[in-house]
Amino acid sequence: MTLPHARTLNALGLLSCCAILLVAFGYQVLLGELPCPLCLLQRAAFAASGVGFALGVRFGPRPSHYGIAILGALAGAAIAARQIALHVVPGTGGYGATLFGLHFYTLALIAFVVLIGAVAVLLLIVDTDQPATLAGPGAGLFGTAGLLLFLGIILANAVSTAAECGTGLCPDDPTRYEALDAWLKR
């Protein structure tokens with residue numbers, strides 16, 4: 001597989017992480033679905049996986065980049081499984097809105113498993129033994145657009161997390177933006 005093809009596949013992986021984060025952020029901003037602490041950790045795990053793909057887009061494919069994506073997805077899968085386990089007990093109900101009839105944490109677990117499988121396929125089909133000098137001039141227009149979108153989403157999520165949690169611990173069942181309320185009370 002050629003380097004431009006590998007970068008395109010990495011850009012598609014990055015855009016997949018962006019799409020997941022955008023849907024979650026859209027539910028937060030447009031529908032008022034504030035994320036719980038476990039949801040925030042799952043978003044961070046998608047961001048960590050996205051960093052692996054972003055490195056592949058910018059610097060070319062390397063096993064270490066794919067390792068970052070896999071470790072982020074493994075951490076996210078563990079967090080999502082933990083949240084699913086919290087709501088398996090009869091009578092506890094689910095947390096938050098659903099999409100396609102599933103709660104976001106269930107969809108997140110599915111997405112993390114798919115992400116791990118996709119990275120495994122990339123490791124099989126992408127030539128990661130190319131010397132760094134053959135990495136090429138850059139990410140190209142598609143890759144650069146994906147990188148900028150990813151950075152914007154990460155920044156927006158960081159700002160909203162700071163607004164939601166303030167300087168303390170994030171509330172278990174958030175209903176408002178703690179930092180904004182504290183700032184408005186001044």
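The values are calculated or read from the model by the stated rules, or taken from the named source; none is laboratory data. As the structure is a prediction and not an experimental result, all values here were calculated from the model. As a convention, Cβ positions derive from the backbone with ideal geometry for all residues, glycine included, and neighbour counts pool all protein chains shown. For the accessible areas, the whole protein counts, side chains as well, though only heavy atoms, and no ligand, DNA or RNA atoms are used. Shrake-Rupley method; radii C 1.70, N 1.55, O 1.52, S 1.80 Å.
Residues are listed down the side, and each one gets a yes or a no for (1) part of a helix (DSSP H, G or I); (2) open to solvent by 60 Å² or more (accessible area, probe 1.4 Å); (3) at pLDDT below 95; (4) farther than 18 Å from Ile110 by Cβ:
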{"residue": "Met1", "(1), (2), (3), (4)": "no, yes, yes, yes"}
{"residue": "Pro4", "(1), (2), (3), (4)": "yes, yes, yes, yes"}
{"residue": "Leu14", "(1), (2), (3), (4)": "yes, no, no, yes"}
{"residue": "Ala19", "(1), (2), (3), (4)": "yes, no, no, no"}
{"residue": "Phe25", "(1), (2), (3), (4)": "yes, no, yes, yes"}
{"residue": "Leu38", "(1), (2), (3), (4)": "yes, no, yes, no"}
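Of the residues making up the stretch 110-136, those that are assigned to a loop (DSSP other than H, G, I, E, B), open to solvent by less than 50 Å² (accessible area, probe 1.4 Å) and either of a type outside the set (Val, Ile, Thr) or at pLDDT 80 or above (or both) number 4. Taken together, the criteria exclude Leu30 from residues that are within 16 Å of Leu107 (Cα to Cα) and either open to solvent by less than 50 Å² (accessible area, probe 1.4 Å) or more than 10 Å from the chain's Cα centre (by Cα) (or both). Would the stretch 59-70 turn up any residue that is in contact with a helix residue (DSSP H, G or I) (Cβ under 6 Å, 6 or more places away or on another chain) and hydroxyl-bearing (Ser, Thr, Tyr)? Yes, the stretch 59-70 has at least one match. Criterion first (buried (at least 17 other Cβ atoms within 10 Å of the Cβ), outside any loop (DSSP other than H, G, I, E, B) and under 13 Å from the mean Cα position of the chain (by Cα)) does Leu107 satisfy it? Yes: the conditions hold for Leu107. Of Gly76, Gly94, Gly72, all but one fail to be without any contact (Cβ under 8 Å) to a residue 60 or more places away in the chain, surrounded by 15 or more Cβ atoms within 10 Å (Cβ to Cβ), closer than 24 Å to Phe25 by Cα and touching a strand residue (DSSP E or B) at 6+ places or on another chain (Cβ under 9 Å); the exception is Gly94. Annotation: of all residues in the stretch 54-69 being of a type in the set (Gly, Ala, Ser) and touching a residue at least 12 places away in the same chain (Cβ under 8 Å), the one that is farthest from Leu21 (Cα to Cα) is Gly60.
When Val51 is tested against (1) part of a helix (DSSP H, G or I); (2) in contact (Cβ under 8 Å) with a residue 40 or more places away in the chain, exactly one condition is not met: (2).
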